[in-house]
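What follows is a short report on a single structure.
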């Protein structure tokens, strides 16, 4: 072979770079209020809250992505492109966040936010399918991946549900947006528990 | 020598950083529609599609750049500056993408998009010339490089063709813009096939 | 465990990426004056000064963050999320800086700037609590952490004080904003003194 | 010592990140022309040319910074802050570039561009003073540094000269802006010659 394999660390560094930029450029959409008063600031609050929510969502995705890449055994073309597919949908998060923050009472923006997160969830699913294939000879890993995938399907289905739900009640969709980070946040704590010195 | 060589990993890390930023800042040009309605969103669709196309183009360039840098044996000044030349033309992709997305029916913007990608292709060609020189003693590598260069010349010529073609029919130019990623996407799959565990 | 630990170097690389972006995108808010004249430039001076101040503040945070992460012994979930909490408040610095620069005589913007820096200081405090827990068996380290925390509490309290103070006199708040970098800048010099060859 | 030294690779990675962002965000100031016509594009040409010039200037600074950091023996506080001082003045390049591109016939913008580059040159000088101190026992290195500093003083003085010169003739200042990259570009080629395989 005239050219070397892409290492997982290379893939991770590039992904980390893109994710770091995604999470940070969102703040550029927090425009200074036109008036230097608290009421004017209060009007920016929905933009700020949607930024906070998306920061949390992207942070969770970053942590999950990190764990996922660590389980990779070889950078296949399928893995490379599944990963770029995920980064593409993640790169739209600043756009849907900004649109939501500026029009947070409109079903369209709520639905679009849910749609992009559902697509991110599906992209994670596709990415892990490649890992399952790599680990097909290892029953313990197959079982581990199955557990993560179940949770992922559940989260993606909820995000998909938030799309039509936005037309019934945007609050129901917001409830889903708040529920999923909470759901991911807690188990991550448990999973990572094993790292602690003394454990 | 009072100062050390630049390692290829350093060169790659810097290039990866620039490419990660290029691919991500393009999303800043996806401005939230003025009205929170689906028809208003639909008007943004061309901007979105041009973003998607450029994301794919830059992703392919990133993968090719990675393979190219892995074949490097020494960071010469010529290599360094050929690489910076490539990054310069790549850095203009967000600009031509935005201009195309906002005026996708105008020959000017279509031609300019084709021009920048033709220049990126030419920059890749110049960069590989330096590699061919480094590998001139290795017939297998010379043959490998010749194959990649042929494909590159073909793609760059097509992009160059899309410039005048935009004044005949912008659809013909769009066909070229869709054809080249497809052409690169498929062989990359084949080339990377050797990485797969079990292969 | 089916997935590996996150290494401190990984955590640091991601944090460095986010901090590098925070410090650099602030310059995007330095808009070119409408008129190419020195008086027009002079009107931009407060925006420039607030940029310079925030550059210094973020640079100090980066240096402190670096020292902090080097003392980490294991990346626990608590550490990971405390770090993301810090990055979140740091990511708001470009926003409060821009708001301050454009309305530097208004108590609201001065108070908001102080508030965000107080929250960053508190986030540093929370992050180090996890380190203290990790090093609880090492009296020398416990004492070292206690010293850093005292200084941190002092700085955060001053930043918190600058919030109500802005309504008394914005100059008093500005004095605090200038004092704290000076306070951090000097000891850092002493601490780092041990690195010098010949020392 | 309770906390480890900052390694030069860490310092370089952070600096590379900031420089990669500086060089890339400048393209965000290339706004799509209001009309999709070649005459409208032609009006953007000065903005494009100033972008191209600054890309080259920052690229040369990146290469020089890389060589400089490789000669570092220990990351002292003085080195750290001299480096942050350099990054600060470099971070203003997108601002002065944008201002110049939009008002390229005005002495103010030309002078400001020259001023920022003179400050960058001076920051490089200060940074290398610390290196000279570190290498004071090595006559060969002292001589090498002295040569680089002479060139740096010459370039910085020319940039400083371009400030008053802009009020005599902006073309004289532009001549300096073109001359210095040429001057740096050529010797870099010679210095790097030793890297080439077979040399």
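Readers should treat all values here as calculations from the given coordinates under stated rules, not as data from a laboratory. Since we're looking at a predicted model, the values are computed, not measured. Quick reminder, even Gly has a Cβ in these numbers, built from the backbone with ideal geometry, and neighbours come from all protein chains shown.
Details
- Footprinting exposure proxy ranking of A:90, A:61, fewest other C-beta atoms within 10 angstrom first, gives A:61, A:90.
- For the range D:119-156 versus the range C:1-58, the spacing of their alpha-carbon centroids is 28 Å.
- Cβ crowding within 10 Å ranks B:88, C:124 as B:88, C:124, fewest other Cβ atoms first.
- Using a 7 Å projection from Cα along Cα-to-Cβ, the label point at residue B:139 is separated from the same position in the remaining copies by 5.3, 5.3, 7.5 nm, smallest value first.
- For the range D:4-60, the normalised intensity computed at q = 0.28 Å⁻¹ comes to -1.07 (log10 of I(q)/I(0), Debye sum over alpha carbons, equal scatterers, no solvent).
- Across the identical copies, how the residue C:43 labels are spaced - nm, sorted shortest first, 7 Å along Cα→Cβ: 2.2, 2.2, 3.1
- Peptide-level mean, for A:70-79, of C-beta atoms on other protein chains within 10 Å: 5
- Rounded tilt (10° steps) of C:170-192 against the dominant C-alpha axis of chain C: 40
- Rounded to 10°, Cα long-axis angle of helix C:139-168 versus longest principal axis of chain C: 20
- For the protein assembly as shown, the ratio of Cα radius of gyration to the globular rule of thumb 2.2 N^0.38 Å stands at 0.95.
- Among the residues of A:165-177, the average count of other protein chain beta-carbon atoms within 10 Å of the residue beta-carbon is 0.
- Over chain B, relative contact order from alpha-carbon pairs under 8 Å, at least 6 apart, %: 22
- Order of B:16, A:116 - criterion: other Cβ atoms within 10 Å of each residue's Cβ, fewest first: B:16, A:116
- Over the range D:1-130, the alpha carbon radius of gyration divided by the compact-protein estimate 2.2 N^0.38 Å works out to 1.24.
- Using alpha-carbon coordinates, inclination of helix D:77-91 to the longest axis of chain D, degrees: 10
- Restricting the calculation to Cα atoms, the range C:30-86 shows an Rg/Rh of 1.30 when the hydrodynamic-style radius is the Kirkwood one.
- Ascending list, in nanometres, of distances separating the residue C:73 label from those of the other copies (7 Å, Cα toward Cβ): 3.5, 3.5, 4.9
- Largest-first principal axis extents of the Cα set of the range D:55-174 (Å): 49, 23, 20
- Dividing the summed helix terms, -39500 (n - 2.57) for each DSSP H run of n ≥ 4, by the number of residues in chain B produces a 222 nm estimate of -27500 deg cm²/dmol to the nearest 500.
- Within the listed set D:23, D:58, D:44, the Gaussian network model of chain D (springs between alpha-carbon atoms below 10 Å) gives the highest mean-square fluctuation for D:44.
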